[in-house]
Structure formats: structure tokens, C-alpha cells
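Structure record follows, encoded as C-alpha cells.
The values are calculated or read from the model by the stated rules, or taken from the named source; none is laboratory data. Being a predicted model, the structure only gives us computed values, none of them experimental. When we count neighbours, we look across all protein chains shown, and the Cβ atoms used for this are built from the backbone with ideal geometry, even at glycine. Heads up: the accessible areas ignore ligands, DNA and RNA and are worked out on the full protein's heavy atoms, side chains in. Shrake-Rupley method; radii C 1.70, N 1.55, O 1.52, S 1.80 Å.
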Amino acid sequence: GVGLMNDFDVGILPASKVSVFYGRVFNGMFQYSRPYYAKPSDTSLIELESTYAGGNGGYGLMFDIAALNSVTFKTLSINVKSTSFNGIDVSVWTLASGDGSYTGHETNPKDWECILTSTVVGAGAGNPTIIPDELFPDIYTNAGRVRAFYISLKTPDLIYTTTSNETYLIAHNDDIQIVNGVGFTGPEFSGDIRPNRAFNGAAMYVTGTVQKTMSKSFATTMGGSNSALGNMFDIEALRDITVKRLDIVIGSLKEVHVAIYTKDGTYRGYGESIAAWTQILSATVTGAGPFTPVRMPEQEFTSVFIKAGKVQGFYVSLNQPELSYTTGTSVGFAYAANEDLTLIEGASLLLNFGGIFEPRRWSGVVYYDSVTNNLVSNATSTPISSNSSSSADPMAPAKA
């Protein structure tokens, strides 16, 4: 470092009155604490510890947790050798398809989804190194399902224990069972795979479903050269969503009156049936011209909840033929989608509830809230029977 001095004292003075001496070494001592991550403060959290017995280690471990009751995993703790202040790079994976055992997926990275990548400070062998719960996404698993986890480090610091029984239950309670896994001698799906390896750490979870509501938007194409009085189209919900607003494309700068309607199920077969529809918006707005969505007043829009797997019909109607759209491919064709919803081709209307032309693609933006349980799956894997564990302690030291 540098030393600072003037004729009277060491301190802070104008630069012109301070002498600077380079190549100086601080004499003293620093006191500090290592930033270990504490357990989550959620009082409803349940923790099931497997073991911290150690004995072997490597870069990674795949293992299963069977859910006897519906649970939401909040985070994991692991057993690592290192206490390096620089931290340990850790990633956590689960099967992209949702539930199911790791068995058969050990060597195929495409089968997995990385849910977390972080750097944690190791607490050393035999102590829980907790993955921060604020970085760990809620992982919901239905009762009777199995959830696979793959923990991978960039260094061979992960500690696990060798067992003698492939289906040995490392730990269990009334809600979950932590089952034996396989170890990896290389990072991220590389190296040798060593069977009969027991996860060292703990699973932290709550029972039941933890729902997260996220506000999102999804834009389609912003219109073409076609225009009409209205569009009918369908939205299929892939997750539970609540449509909060629909913005539309008006091909001119004129002031127009907008009416939006909805119905349960598809619009098809109800293009001329006024009684089948419920009005959810009535407003007067000014067009912004081609390819530019016009914001609908959200306070005038009645929200529409669509349950996952259900289809909801929508009808946007103007009092002038200024609603922009594009020609479609075929009726019922899914022309735009994301992880929450699918937009399905519909019809243009030259009259109010009449003059139907198909297929047509509505142009605009869907604003919605998505209520999600992260990585929910309908897989049919079943938990390991509790009598699969050996009566003798199967854990024994062996080569990694």
C-alpha cells in the first residue's frame, strides 16, 4: 500500500500538503467472519437430514427423493470438503420432464434442467453447507412421485458415503424418503459413475403447494395489411393464468370503440351466438397505426382466470373495420406459445357477430398473471417401499 504523512500528523489533508510513500505494508490484524448461509427462517420448514458420515467424494451425485405426501422443496444442504473463502461453484439439476427417478438418465444432459448455479462458502467436512434458499426455486412434487436431483461441483469437493444396497433408504419420515444414488468422478455428467452412493446433506421442504404469482406479457405478431371489425381466437392455458388485459393493434390513428368478450371453451361454433359470450371490456381508444399495440384500460377490463389445460375463447370487436390481423394457416393451429399459454388461430369478422372468415391470427399482447408451482409433473414414478432398506448398516468406506 502507501503511507501518508505531513509535518504535523497522519491524516486527511489537501493532496498538495500530503507526502505519499509507496511500498508500505499494513501492520495489524483483520477480524472477519465467514459468510456461511444460515438455514431459512421459515418456521414452517421441515428438514430431513440424511447423513454427514462421509467416507468418499467426487464432483457430483445423483439421487432420488420419494414424496409420500405432496411437498415443495425449498433448498438442500450438502457436505463438502472445502472451507475456501473463495467459495465453491455448485449447480443443482432436476429432470426436465419433472418427476421421475434419475435411473436411465445418468449420461444424458438433455434430460435435465439446471435449476440453480451459485457459489457457496463451504462449511467443511461433516458440516451442512446450505444452498441459499433465495436462489433455490420451489420444486413441487406430488404425493406418490419421485423427484431426482443432481448436485454437481466444479471441484471434487462433494462428500458422499458408499453403501452396499442400491435401493437403500438413507433417511425417511412421514413425508419423504431420501434414496441411494450414484456418484460422479468428473464435473457435469463426466467421469466414471459409481453406484451405491448416499447423499450427505439434508432436504428442506414444506408440505403442500407453494404458489408463486408472476405478472407477465406475451406478444404475438403486430399485425399485417388485413383489417376487420373483429377477431375471435382461443387461448389455451398451460399453467393456471389470469388474463388481466389485451392490447390490440389498430391500423389507423382514428378514435374507435372497443368491446371485448370471452367464453368458456373455444370460440368455434359460437361466432354468431351473442348469448354465449360475456363482455369484459367497453372502452374508447385512439389507434396508434400499423404494428403498434394500443393499451386497453386495465381498470375497465374484467380479469379472466383460465385453469391449466383449459381453452378460453376471446372476441375483440371494434365499431370500425380497423382491427389489424394476419391470415392464418388452419383453424385450430397454435401460432404462438410460451411456457404458460398457447394462442390458437381463429377468425376475422366483418360484422358484429357475423361475416366470419377463417383462419385468421389475432395480433396483440396478452397481459396476465401466471400462478405456478415450479416444475410440476404428472410422471407416474412411485416411492421406494420402506422395507427396501437393509437391516444392517450398509454404509462402508470404499474407493470413490
Item to check | Residues of the stretch 182-196 satisfying the condition of being in contact with a helix residue (DSSP H, G or I) (Cβ under 8 Å, 6 or more places away or on another chain) and either more than 10 Å from E106 (Cβ to Cβ) or open to solvent by 60 Å² or more (accessible area, probe 1.4 Å) (or both) | outcome: E188
Next on the checklist: Of the residues P35, P40, only one is modelled with pLDDT under 90, surrounded by 10 or more Cβ atoms within 10 Å (Cβ to Cβ), closer than 22 Å to T129 by Cα and under 23 Å from the mean Cα position of the chain (by Cα); which?
Outcome noted: P40
Next on the checklist: Looking at M214, M232, M222, can you tell me which residue is assigned to a strand (DSSP E or B), open to solvent by 10 Å² or more (accessible area, probe 1.4 Å) and among the aliphatic types (A, V, I, L, M)?
Outcome noted: M214
Item to check | Members of the stretch 260-287 found to be within 22 Å of A219 (Cβ to Cβ), more than 35 Å from the chain's Cα centre (by Cα) and of a type in the set (A, V, I, L, M), listed by number | outcome: A283, V285
Item to check | Selection count where residues are modelled with pLDDT of 95 or more, crowded, with 20+ Cβ neighbours inside 10 Å and in a loop (DSSP other than H, G, I, E, B), scope the stretch 249-270 | outcome: 1
Checklist entry - Among V206, V179, which is part of a strand (DSSP E or B), of a type outside the set (S, T, Y) and surrounded by fewer than 24 Cβ atoms within 10 Å (Cβ to Cβ)? => result V206
Checklist entry - In the stretch 327-358, which residue that is touching a residue at least 60 places away in the same chain (Cβ under 8 Å), open to solvent by 30 Å² or more (accessible area, probe 1.4 Å) and in a loop (DSSP other than H, G, I, E, B) is nearest to Y315 (Cα to Cα)? => result N352
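Residue-by-condition table, conditions (1) in contact with a Gly (Cβ under 8 Å, 6 or more places away or on another chain); (2) over 30 Å from I88 (Cα atoms); (3) not hydroxyl-bearing (S, T, Y):
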site: Y150; (1), (2), (3): yes, no, no
site: T161; (1), (2), (3): yes, no, no
site: H172; (1), (2), (3): no, no, yes
site: N180; (1), (2), (3): no, no, yes
site: A198; (1), (2), (3): yes, no, yes
site: A219; (1), (2), (3): yes, yes, yes
site: D234; (1), (2), (3): yes, yes, yes
Item to check | Odd one out for D369 among (1) modelled with pLDDT of 55 or more; (2) open to solvent by less than 20 Å² (accessible area, probe 1.4 Å) | outcome: (2)
Next on the checklist: Please count how many residues of the stretch 130-163 are farther than 24 Å from F189 by Cα and either modelled with pLDDT of 95 or more or touching a helix residue (DSSP H, G or I) at 6+ places or on another chain (Cβ under 7 Å) (or both).
Outcome noted: 0
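Here is a yes/no grid of residues against (1) among the hydrophobic types (A, V, I, L, M, F, W, C); (2) in contact (Cβ under 8 Å) with a residue 40 or more places away in the chain; (3) within 19 Å of E47 (Cα to Cα):
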site	(1), (2), (3)
I88	yes, yes, no
W93	yes, yes, no
G98	no, yes, no
C114	yes, no, no
T119	no, no, no
A125	yes, yes, no
I130	yes, yes, yes
D133	no, yes, yes
G183	no, yes, no
Checklist entry - Just to be sure, is N226 among the polar types (S, T, N, Q), more than 29 Å from the chain's Cα centre (by Cα) and closer than 30 Å to I159 by Cα? => result no
Checklist entry - Can you name the condition, by its number, that T162 falls short on among (1) under 15 Å from G58 (Cβ atoms); (2) in contact (Cβ under 8 Å) with a residue 24 or more places away in the chain; (3) touching a Phe, Trp or Tyr at 6+ places or on another chain (Cβ under 9 Å)? => result (3)
Next on the checklist: Considering only residues that are surrounded by 20 or more Cβ atoms within 10 Å (Cβ to Cβ) and under 22 Å from L341 (Cβ atoms), which ones fall in the stretch 305-322?
Outcome noted: I306, Q312, G313, F314, Y315, V316, S317
Checklist entry - Of L76, L48, which residue is closer than 18 Å to H172 by Cβ, in a strand (DSSP E or B) and open to solvent by 10 Å² or more (accessible area, probe 1.4 Å)? => result L48
Checklist entry - Of all residues in the stretch 278-304, which are in contact with a Lys or Arg (Cβ under 7 Å, 6 or more places away or on another chain), open to solvent by 20 Å² or more (accessible area, probe 1.4 Å) and assigned to a loop (DSSP other than H, G, I, E, B)? => result S303
Item to check | Count of the stretch 313-328 residues which are modelled with pLDDT under 95 and of a type in the set (V, I, T) | outcome: 2
